[in-house]
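The values are calculated or read from the model by the stated rules, or taken from the named source; none is laboratory data. Computed from a predicted structure; not experimentally measured. Cβ placement follows ideal geometry from the backbone for every residue including glycine, while neighbour counts extend to all protein chains displayed.
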Amino acid sequence: MGAQKGKDLLVKMFDGASYATVAGLRSRKIAFNAELVDVTHAESVDRWRELLAGAGVKRASISGRGLFKDAASDALLRQSFFDGAINNCQVIVPDFGTIQGAFQISGLEFSGEHNGEVTFDISLESASALTFAAL
């Protein structure tokens, strides 16, 4: 994968009919994590740590920062947060693929400067297994 434009990394949320791009995002990130299960014991070779393969909990986090641009996606985010809803989301990574699965909004923050626009920060956490489809 060569250099890509950051604006081409898209976050989409299912609105009941189709996947709507979360409008106004100026920055976005997806992170994958897996907990480790340490099975080191008294007889581990030279006291080196040993891990149990495939045993930890996996999770993904999506975060973004932007400004309000589209009333429909703004309302979808706001209502999803206040309802505590779990929505199907897609993250499209150019020249890599699409990650898809259920996510819940874990954080929604608003801020604004006196001489600037109101912006928002959003954090989503995976709520089930994710799928990946290569481009």
statement: Scanning segment 15-24 for residues that are of a type outside the set (Val, Ile, Thr), touching a helix residue (DSSP H, G or I) at 6+ places or on another chain (Cβ under 6 Å) and in a loop (DSSP other than H, G, I, E, B) gives 15, 23
Qualifying residues in segment 48-79 (those that are within 15 Å of the chain's Cα centre (by Cα) and more than 26 Å from residue 5 (Cβ to Cβ)) - the one surrounded by the most Cβ atoms within 10 Å (Cβ to Cβ): 59
message: Looking only at segment 1-36, filter to residues that are touching a residue at least 60 places away in the same chain (Cβ under 8 Å) and more than 23 Å from residue 103 (Cβ to Cβ); which one of those is surrounded by the most Cβ atoms within 10 Å (Cβ to Cβ)?
response: 1
task: Take residue 132 and decide whether it is exposed (fewer than 15 other Cβ atoms within 10 Å of the Cβ), in contact with a Leu (Cβ under 9 Å, 6 or more places away or on another chain) and without any contact (Cβ under 8 Å) to a residue 60 or more places away in the chain.
output: no
message: Can you find, within segment 46-61, the residue that is farthest from residue 132 (Cα to Cα) among those that are in a loop (DSSP other than H, G, I, E, B) and not aliphatic (A, V, I, L, M)?
response: 48
query: From the residues in segment 101-129 that are buried (at least 16 other Cβ atoms within 10 Å of the Cβ) and β-branched (Val, Ile, Thr), which one is nearest to residue 24 (Cα to Cα)?
result: 119
task: Could you tell me which of the residues 66, 16, 54 is in contact with a strand residue (DSSP E or B) (Cβ under 7 Å, 6 or more places away or on another chain) and not acidic (Asp, Glu)?
output: 66
- request: Keeping to segment 76-126, report how many residues are assigned to a loop (DSSP other than H, G, I, E, B), closer than 17 Å to residue 22 by Cβ and either among the aromatic types (Phe, Trp, Tyr) or at pLDDT 95 or above (or both).
  value: 1
- line: Taking segment 84-100 and keeping residues free of Cβ contacts under 8 Å to residues at least 60 places away in the same chain and surrounded by 11 or more Cβ atoms within 10 Å (Cβ to Cβ) leaves 85, 86, 97, 98, 100
query: Looking at this structure, is residue 12 under 19 Å from the mean Cα position of the chain (by Cα), under 23 Å from residue 92 (Cβ atoms) and assigned to a helix (DSSP H, G or I)?
result: no
query: Within segment 37-45, can one find any residue that is surrounded by fewer than 15 Cβ atoms within 10 Å (Cβ to Cβ), more than 18 Å from the chain's Cα centre (by Cα), not in a loop (DSSP other than H, G, I, E, B) and not aliphatic (A, V, I, L, M)?
result: yes
